[in-house]
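The values are calculated or read from the model by the stated rules, or taken from the named source; none is laboratory data. Just so we're clear, the structure is a prediction, and the values are computed from it rather than from any experiment. No Cβ is skipped: glycine too gets one built from the backbone with ideal geometry, and neighbour counts run over all protein chains shown.
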Amino acid sequence: METEQMDTECVVQTKAQPPLPCLPHLRVRIPKGFASLSPPVWRASTVLFPNMEALRQYHASDEESWSYGLQSTPTQYELAQKLAQIEGGYHSLLLPSGLAAFSLIQFTFLRHGDGLLIPDSVYFPNRTHAEWLMRDFGIKVQFYDPMNLPALSKLITAKTKLIFIEAPGSITMEVPDIPAITALAQSRGVITAIDNTWSGGLLCRPFDLGVDITMQALTKYQSGGSDVLMGSIVTRELRLHDQLRTRRRHMGWGVSSDDCYFLLRSLPSMAVRIAQHGANAQALANWLNQRKEVVRVLHPALPDCAGHAFWQRDFSGASGLFSVVFNKRYRQTQVDAFIEDLQLFGIGYSWGGAHSLVMHYDVLSQRSIAVWPPTEWHDRDEVGCLVRLYCGLESPAELIADVEQSMSRHLV
Ligand SMILES: Cc1ncc(COP(=O)(O)O)c(C=O)c1O
């Protein structure tokens, strides 16, 4: 009796268990025949090689074989190829931001002692980047007036390796004579690169104007959502692309396939979005141009904008970003109040999304050679604060009404 009791208490009941599956190696067979309009997102750090032969055969110069998620995934490849197609280039690289794209171009083509020419109206962080190259890497950086070709020509020396172009210039919106600059550069054996962000790659075709390299902040119109940072570099010449690609690998700069997915999702609507941003900006610019509070509207489609004729010749339209210069009778505090009381324009950097944005700039703090206001302006004495406006996807009537209500309260 005693023994029996002990037996029942001490024996652990074990049932025969099926072996646990090996979790990392679970396999599922996906039924064939699924088709979707959205591209798959291939995320990877590790990329598997099918066998040792494939590993040994892999060569970093072959863009159509896979090695590591940092270099490319099918999702990144798809976006890069589509961007090249849009700009009429043949090769494309993705970078973590527009500024990184600018940086890669500099680090690829410039060595200690080389010369770099940058427009004075360049996007300001590009200016500070170039100044850093000059200070710490011995690159001879010079800023040029984008509207003065003879002066630019004089700056080109045997050491000059790269001329950077931005069209239109940041904040002041002047449009340079792109084909004249590229012809000049070619005649002196200098590479040209352009920041083509304002056009979204759709409104301007820099390769047809002789440019060697285009870069864009995809952060703007390609994203369209104000939530992704990315940049691109597009080339026609394989030689240039290969050099950029090798340097990108050295830098360890890659992008996330998830971010690429967001851009692939936005690309099909980019043309209609830019057309609407452009129409909104044009309507608001025209309206502002009639107002007594305003001295100048800096918008490439307006006849008095510097380089308007080049814009007419080289661009197929205008996008959503322009600047306005108020009369100097309005103090900075009044203009600040005008900005703060706008209901549809958020105060913030960047642009390209659905929401309108506004930003104040002190032009001279961002320039080193420009005379501001420009000497040719007959109304220089009246020039006051400059405000940059980005028109989102609200209606033109709503945007005008918003600007009007805030102007009527603060610019009196
Ligand atoms: C004309 C232009 N280029 C480049 C950039 C840089 O883009 P990101 O913000 O992706 O570095 C910007 C950003 O505002 C820009 O306005």
Leading residue by the ranking (nearest to the chain's Cα centre (by Cα)) among those in the range 232-250 that are within 16 Å of the ligand (Cβ to nearest atom) and closer than 22 Å to Ile181 by Cβ:
Ser232
Just give me the residues in the range 55-91 being touching a residue at least 60 places away in the same chain (Cβ under 8 Å), more than 18 Å from Ser45 (Cα to Cα) and in a loop (DSSP other than H, G, I, E, B), in sequence order.
Ser61, Gly88, Gly89, Tyr90
For the range 201-220, which positions are away from the ligand (no atom under 11 Å from the Cβ), of a type outside the set (A, V, I, L, M, F, W, C) and in a loop (DSSP other than H, G, I, E, B)?
Gly201, Arg205, Gly210, Asp212
State which residue pairs qualify: first residue within 24 Å of Thr219 (Cβ to Cβ) and inside the range 230-242, second residue among the aliphatic types (A, V, I, L, M) and assigned to a helix (DSSP H, G or I) in any location, beta carbons under 6 Å apart, and separation of 6 or more residues or different chains.
Gly231/Ala100; Gly231/Ala101; Ser232/Leu83; Ile233/Ala101; Ile233/Leu244; Val234/Ala84
Filtered residues of the range 20-53 (kept if out of contact with any helix residue (DSSP H, G or I) (no Cβ under 8 Å at 6 or more places or on another chain), among the β-branched types (Val, Ile, Thr) and in a loop (DSSP other than H, G, I, E, B)):
Val28, Ile30, Val47
Which of the residues that make up the range 173-223 are more than 22 Å from Pro96 (Cβ to Cβ) and in contact with a Cys (Cβ under 9 Å, 6 or more places away or on another chain)?
Met173, Glu174, Val175, Ile178
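Per-residue answers, yes or no, for (1) closer than 16 Å to Leu288 by Cα; (2) assigned by TED's automatic domain parsing to the domain that holds Ile118; (3) in contact (Cβ under 8 Å) with a residue 24 or more places away in the chain; (4) more than 21 Å from the chain's Cα centre (by Cα):
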{"residue": "Gly346", "(1), (2), (3), (4)": "no, no, no, no"}
{"residue": "Ser350", "(1), (2), (3), (4)": "no, no, yes, no"}
{"residue": "Tyr361", "(1), (2), (3), (4)": "no, no, yes, no"}
{"residue": "Cys385", "(1), (2), (3), (4)": "yes, no, yes, yes"}
{"residue": "Pro396", "(1), (2), (3), (4)": "yes, no, yes, yes"}
{"residue": "Ile400", "(1), (2), (3), (4)": "yes, no, yes, yes"}
Would you say Leu267 is within 17 Å of the chain's Cα centre (by Cα) and aliphatic (A, V, I, L, M)?
yes
